[in-house]
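The values are calculated or read from the model by the stated rules, or taken from the named source; none is laboratory data. The model shown is predicted, which means the values in this text are computed figures rather than measured ones. Glycine gets a Cβ as well: all are built from the backbone with ideal geometry, and neighbour counts include every protein chain shown.
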Amino acid sequence: MDYPSKVLAKAVEEISGLPGIGKKSALRLALHLLKQPDSQAISLGDSLKKLVIDIKYCRNCHNFSDAEICEICADERRSDDVLCIVEDVRDVMAIENTGKYRGKYLVLGGKISPMEGVGPSQLNISSIGKKLENATVKELIFALSATMEGDTTAYYIYKKFKNSGVSFSTIARGISVGDELEYADEISLGRSIQNRLPYTEKD
């Protein structure tokens with residue numbers, strides 16, 4: 001496609017690099033921004049710049065944060081006894097939206113997937129061990145996607161820490177097999193957390 005402006009062409013190229021946005025959608029978005037007051041586009045640009053420069057990862061749980069410690073980890077009203085293991089920051093957001101969980105989290109940053117070249121060393125699994133050393137955690141909850149990779153990740157963590165003295169549980173399968181946590185409705189996800197089951201080693 002020929003563009004009347006190199007500046008417009010560059011903007012379309014950058015926007016179309018976002019997931020799920022093709023060149024036509026990117027052009028529509030760029031043209032939409034041009035029709036808005038300059039302040040709106042400038043505000044959007046400033047927000048994206050801050051997103052890249054200012055956002056941090058919580059040094060306790062690897063959740064997104066504005067400070068070194070995220071609001072969840074810093075909240076003294078939340079239980080240190082229970083640690084919910086999730087794959088992604090979006091899973092933390094999904095569980096928080098249920099209002100049914102008052103413990104802490106550990107974000108793995110993905111799941112074990114040999115097909116995609118993701119091994120245990122590329123995840124935040126070692127952070128679990130550091131938390132267990134503090135002797136405050138009594139239960140690990142696996143809130144991982146109901147997929148082969150999610151099950152493999154849970155099994156690996158279980159095998160690695162099964163002699164640490166903590167109990168293991170997994171969210172109840174109100175979530176369909178093969179589903180990602182972030183797409184579950186809040187009621188089903190909330191019930192899955194509340195009705196979690198003991199995690200046992202499968203034969």
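When the stretch 22-56 is filtered for residues that are surrounded by 14 or more Cβ atoms within 10 Å (Cβ to Cβ) and part of a loop (DSSP other than H, G, I, E, B), nothing remains. Condition (residue is out of contact with any strand residue (DSSP E or B) (no Cβ under 9 Å at 6 or more places or on another chain), of a type in the set (Val, Ile, Thr), outside any loop (DSSP other than H, G, I, E, B) and free of Cβ contacts under 8 Å to residues at least 40 places away in the same chain) applied to the stretch 90-104: is it met by at least one residue? For the stretch 90-104, residues out of contact with any strand residue (DSSP E or B) (no Cβ under 9 Å at 6 or more places or on another chain), of a type in the set (Val, Ile, Thr), outside any loop (DSSP other than H, G, I, E, B) and free of Cβ contacts under 8 Å to residues at least 40 places away in the same chain: absent.
Restricting attention to the stretch 90-105, the residues that are small (Gly, Ala, Ser) and at negative phi total 2. Taking the conditions exactly as written (under 18 Å from residue 61 (Cα atoms), part of a loop (DSSP other than H, G, I, E, B), at pLDDT below 95 and out of contact with any Leu (no Cβ under 7 Å at 6 or more places or on another chain)), does residue 135 satisfy them or not? It is true that residue 135 is under 18 Å from residue 61 (Cα atoms), part of a loop (DSSP other than H, G, I, E, B), at pLDDT below 95 and out of contact with any Leu (no Cβ under 7 Å at 6 or more places or on another chain). In the condition set (1) of a type outside the set (Phe, Trp, Tyr); (2) part of a helix (DSSP H, G or I); (3) touching an Asp or Glu at 6+ places or on another chain (Cβ under 6 Å), residue 59 is compliant with all but (2).
Yes/no per residue for (1) of a type outside the set (A, V, I, L, M); (2) touching a Leu at 6+ places or on another chain (Cβ under 6 Å); (3) closer than 27 Å to residue 1 by Cα:
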| residue | (1), (2), (3) |
| --- | --- |
| 33 | no, no, yes |
| 45 | yes, no, yes |
| 48 | no, no, yes |
| 56 | yes, no, no |
| 69 | no, no, no |
| 77 | yes, no, no |
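Against the test of being of a type in the set (Val, Ile, Thr), surrounded by 12 or more Cβ atoms within 10 Å (Cβ to Cβ) and closer than 17 Å to residue 193 by Cβ, the options 118, 137 yield a single qualifying residue, 137. Please determine whether any residue of the stretch 99-107 is of a type in the set (Ser, Thr, Tyr), in contact with a Gly (Cβ under 6 Å, 6 or more places away or on another chain) and in the same structural domain as residue 141 (by TED's automatic domain parsing). Taking every residue of the stretch 99-107 in turn, none turns out to be of a type in the set (Ser, Thr, Tyr), in contact with a Gly (Cβ under 6 Å, 6 or more places away or on another chain) and in the same structural domain as residue 141 (by TED's automatic domain parsing).
Look through the stretch 73-90, keep the residues that are under 14 Å from the mean Cα position of the chain (by Cα) and among the β-branched types (Val, Ile, Thr), and return whichever of them is surrounded by the most Cβ atoms within 10 Å (Cβ to Cβ). Among residues in the stretch 73-90 that are under 14 Å from the mean Cα position of the chain (by Cα) and among the β-branched types (Val, Ile, Thr), the one surrounded by the most Cβ atoms within 10 Å (Cβ to Cβ) is 86. Would you check if there is a residue in the stretch 108-127 being in the same structural domain as residue 168 (by TED's automatic domain parsing), assigned to a strand (DSSP E or B), farther than 19 Å from residue 151 by Cβ and not small (Gly, Ala, Ser)? No: the stretch 108-127 contains no residue that is in the same structural domain as residue 168 (by TED's automatic domain parsing), assigned to a strand (DSSP E or B), farther than 19 Å from residue 151 by Cβ and not small (Gly, Ala, Ser).
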